[in-house]
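Worksheet for the structure shown next.
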Amino acid sequence: MPGGLDVWLPGGHAGDLSAETEQALDRRLHRALAAPVRHVVEAGGKRWRPALLTRIIELLGGDGERFGVLAAALELAHTGSLVVDDVQDGSTTRRARPAAHEVYGLPAALTAGTCAYFAFDHAIGLCAPDDPELRGRTREIILAALRAAHAGQALDIQGHGRELEQAVTTGDNRPLLELVLATHRLKTGALVGACCRIAALTAGAGPALERALLQWGTALGTAYQITDDVADLCGVTDRNGTPTKRVAEDLRNGKVTLPLAHAVTLLPRPTAEALWAAVRGGDATEADVRAARTTLLDCGAVAASEDHADRLHTDAWRTLEPLLPRTVDATRLRTAGRRAVFDGLGSEGRPPDGP
């Protein structure tokens, strides 16, 4: 249901409208800007980011409930990025439903997805109406994360094909790994790091703890994107066994992910060259995709990627843990982080029914 024009427009931007016209405008904006995003929200998802923010606030002695609206707004920003990402990747399915642009069309999906990035602005005003310094710092943190996320998305769209070919030629995949990880850190890690930093800020944490939480959150988001690469390769279903998106969509799109980057040094050079030649350009046949997927699963690239994600999370936690209160809630925070990253992945990420 519409929630009032001030949800969509800052005061005064709508001009001098009659009550009837204002209500009609509110309904139209709700249909245009809320419905496509709600389509994805109502499909489910882990929603671990808002839970992480409130959990950290409460662990540090703050009032998590007070910032629940902000936590929800940050999840909406993430959801908006999924709507836009599906358009850019040509994905037809999200969370076992048709992608938002398949239902509402490309223009409506792009507009609504982009608008969702800014839900935090209204939420901050609701959470901290009498604290302009907190509002200002929170806006700075979120806007910086959104800039970083767009930089990561730009790198993701450009792809890393040239760097992969160089890695295959030289046998050195380190520059490629750095670039893929930097893309993940910007695209996905930045917003999670911002959530953790905001939690520290609202709870009045000191600079050292704020930095450590930012580092851990960024590592957590980066690790999550790595395991998402694995999940894309292996296939993911919901509780009813319905696929949440197409298996190996990244390979179909000729996209360089971390498993592919690790495979460079795990495969003989001729095999690596043949694999990339088969999927490069995004026009691989189904037989080519199945063969490439099997090669990546069998060569240890999935296990190497999962190990990479685990090291990122573990190393960041070692820095953070000594700065946290020594309570059971701190242990639960670590468990919640690991669960967000690794839930749904089996041995080497393989689904129980195989390819």
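Just so you know, all these numbers are worked out from the coordinates, no wet-lab data involved. Source: prediction; values computed, not measured. Here Cβ is always computed from backbone atoms with ideal geometry, including for glycine, and neighbour counts include all displayed protein chains.
Here are some notes:
- Across all Cα atoms of the range 1-57, the radius of gyration (one decimal) and Dmax (whole number) stand at 15.5, 44 Å.
- Spin-label model distance (nm) - Gln158 vs Arg139, 7 Å beyond Cα toward Cβ: 3.1
- Rounded Å value of the spacing that divides the Cα centres of the range 143-191 and the range 269-289: 20
- Look at the dipole of the chain built from charges on Cβ: of Phe120, Gly90, Leu110, the Cα furthest out on the positive end belongs to Phe120.
- Measuring r between the beta carbons of Asp121 and Glu273 and using R0 = 35 Å, the FRET efficiency lands at 0.10.
- In this entry, the range 1-116 is assigned a mean projected area of 8.5 nm², taken as a quarter of its C-alpha convex hull surface.
- Rounded to 0.05, the FRET efficiency of the Thr21 and Gln166 pair, given R0 = 45 Å and the Cβ-Cβ distance, is 0.15.
- Subtracting the Cα-Cα distance of Asp298 and Leu106 from their residue separation scaled by 0.36 nm leaves 65.3 nm.
- Segment Ala151-Arg311, extension gain: residue separation times 0.36 nm, minus the distance between their alpha carbons: 55.2 nm
- Computed over the chain, the Cα gyration tensor eigenvalues convert (square root of 5λ each) into semi-axes of 36, 26, 17 Å, ordered from largest to smallest.
- Binning the C-alpha pair distances of the range 265-324 at 5 Å intervals from 0 yields a P(r) profile of 4, 16, 19, 16, 13, 9, 8, 6, 5, 4, 0 %, listed from the shortest bin outward.
- Extension gain from Thr331 to Leu9, taking 0.36 nm per residue of separation minus the Cα-Cα distance: 111.8 nm
- Modelled spin-label separation between Leu323 and Arg28, with each label point placed 7 Å from Cα along the Cα-to-Cβ direction: 4.9 nm.
- Cα gyration tensor shape for the range 68-193, rounded if a/c is under 1.5, else prolate or oblate: oblate
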